[in-house]
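Step one of this worksheet: look at the structure below.
Coordinate-derived values only; no laboratory data. Small disclaimer: the values here were computed from a predicted structure and weren't measured. Note: ideal-geometry Cβ built from the backbone for every residue, glycine included; neighbour counts use all protein chains shown.
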Amino acid sequence: MLVLITYDVQTSGAGGAARLRKVSKACQNYGQRVQNSVFECIVDAAQFTALKFELAQLIDEEQDSLRFYRLGNNYKTKVEHMGAKPSLDLEDPLIF
Amino acid sequence: MRKLLNTLYVTQPDTYLALDGDNVLLLKGDEKLGRLPLHNLEAIISFGYTGASPALMGYCADRNIAITFLTQSGRFLARVIGESRGNVVLRKTQYRISDNEEEATKIARNFITGKVYNHKWVLERMTRDYPLRIDVEQFKIVSGQLSDILREVRNSVSMESLRGWEGQAAVYYNRVFDQMILQQKEDFFFHGRSRRPPKDNVNAMLSFAYTLLAKDTAAALETVGLDAYVGFMHQDRPGRASLALDLMEELRGIYADRFVLSLINRKEVTASDFVTKENGAVLMTDEARKTFLKAWQTKKQESITHPYLGEKISWGLVPYVQSLLLARFLRGDLDEYPPFLWK
């Protein structure tokens, strides 16, 4: 399934920048960055649980927020793109 | 059933593959071409003299992602394999059978049965789908001849007679292969198989398709814990994945041949996609190879019902499922290896 992850990490406080970096790294390991703090991840249920767990460890729940949007397996009809930085469909043929 | 993951094809020869976290990075000089999470990948195939970092190779070997290096023209160079998987008892059984001609013949018989049966059905399908464009009568005769061979194959007790019948089946099948090319007849024709090097457009495509299929099959065999290099029918030779070649016999016609034919008949490739070298070798252009790979990957994602398991799987998983069934037979869980019989 495709899961869209967005996050807001408070960088003004102590350790904020480090948290942001860690969250971004963790998301990157599972999916592709489509906008600055927006990731698209193609994961199965187990990987999704692991990812959520990993991210929950990293954030400060008082200040930061994470949102997960589950788009299911037939996500292709649900995603539309406009403008610059077109993303890559990880389930299409990958030829570089 | 396992999900079929994607395959990454790297066709630009100056691309370097590196590992970053759980991603593979595609670097061209200082420029970043792409970044992909590795958990979405099943295999990485690189063409030409691209490099990959040892860290990436280690990561992939550990997680069963097959990395294969091919030359620009698609000839096999190397494959990265990690620690042997599966259990040693299974592999020992495989080696024992491989050394015992009588036992090996029993398995080889099933591979060849699958091959001849599937070739027959490729022809039968043609007579059903295009009765007005081919010589139906001739197809029916050949199909009948293949049925006869099928009986002989079932009763073969020696490897030698098995090879003989296989050769005979190939002769019959190749005789009508040219007729299955329905479009672009003046540029695409089949007057017999030529390889190393392929001498015409069709042979160039067949060779490429067989290389890809052999690579997929070898990776599938390694995944289930078998040794892709120790075959039952193909003789051992250093660097030859004999078991992969054995196992793909039954898939050549229905997988590779039909794929190549459909590219020609749907005019997805044209004469301009090929170049002829001074020595008569015909190669596909880089652009054509990209089209080919794209179509190959799409074909792998098509779903079929597996005739033996009765389960819906994607085409790309067929080599894996057959490897699994072969392993089960070697373990003694099945009385016979069930070839993939397509209809």
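Please compute the contact order of chain B in relative form: average sequence separation of alpha-carbon pairs under 8 Å and at least six residues apart, divided by the residue count, as a percent.
Values: 542 pairs, mean separation 57.4, N = 343.
Dividing the mean separation by the residue count of chain B yields 17 percent.
Using only the alpha-carbon atoms, how far is helix A:16-30 inclined from the longest principal axis of chain A? Give it as 0 to 90 degrees, nearest 10.
30 degrees
Taking the beta-carbon count within 10 Å as an exposure proxy, list B:HIS306, B:HIS191 from fewest neighbours to most.
Details: B:HIS306 19, B:HIS191 12.
Ascending number of Cβ neighbours within 10 Å: B:HIS191, B:HIS306.
Find the relative contact order for region B:6-80 and round it to a whole percent, using C-alpha pairs within less than 8 Å whose residues are 6+ positions apart.
Working: 150 pairs, mean separation 22.7, N = 75.
It rounds to 30 percent for region B:6-80.
Mind running the shape call on region B:67-125? Use the C-alpha gyration tensor, a ≥ b ≥ c as the square roots of the eigenvalues: rounded below 1.5 for a/c, prolate if a/b tops b/c, oblate otherwise.
The shape class here is oblate.
Based on other C-beta atoms within 10 Å, arrange B:THR298, B:THR217 from fewest to most.
With the fewest neighbours first, B:THR298, B:THR217 line up as B:THR298, B:THR217.
With a cut-off of 8 Å between alpha carbons and a minimum separation of six or more residues, what is the relative contact order of region B:264-309 in percent? The partial results should precede the final answer.
Working: 20 pairs, mean separation 11.3, N = 46.
Once normalised by length, the contact order is 25 percent.
Helix by helix, which DSSP H runs in chain B go 24 Å or more along their axis at the Cα atoms and have an average Kyte-Doolittle hydropathy of 0.5 or more?
The answer, listed by residue number, is B:201-223.
What translational diffusion coefficient, in µm²/s and rounded to a whole number, does the Stokes-Einstein relation yield for the protein assembly as shown at 4 °C and a viscosity of 1.567 mPa s, taking the hydrodynamic radius as the Kirkwood radius over Cα pairs?
Reported coefficient: 54 µm²/s.
Given DSSP loops and a limit of at most 13 other Cβ atoms within 10 Å, what is the longest stretch of chain B that contains no such GluC sites (Glu not before Pro)?
B:84-185
With each run of n ≥ 4 DSSP H residues scored as -39500 (n - 2.57), what mean residue ellipticity at 222 nm is computed for the protein assembly as shown after dividing by its residue count and rounding to the nearest 500 deg cm²/dmol? Write out the running numbers ahead of the final one.
Details: 12 runs with 189 residues, N = 439.
Result for the protein assembly as shown, helices only: -14000 deg cm²/dmol.
Could you give each residue of region A:54-71 its phi-based ³J(HN,Hα) in whole Hz, using Karplus coefficients 6.51, -1.76, 1.60 with θ = phi - 60°, and x for Gly or Pro?
Once rounded to whole Hz, the list reads 4, 5, 4, 5, 8, 7, 9, 5, 6, 10, 9, 9, 10, 10, 10, 10, 8, 9.
Arrange B:LYS92, B:LYS290 by Cβ neighbour counts within 10 Å, fewest through most, would you? Could you put the intermediate results ahead of the total?
Details: B:LYS92 12, B:LYS290 17.
If I rank by nearby Cβ atoms, fewest first, I get B:LYS92, B:LYS290.
Measuring from the lowest to the highest alpha carbon on each principal axis, how far does region A:30-95 reach, largest first, in angstroms?
39, 28, 22
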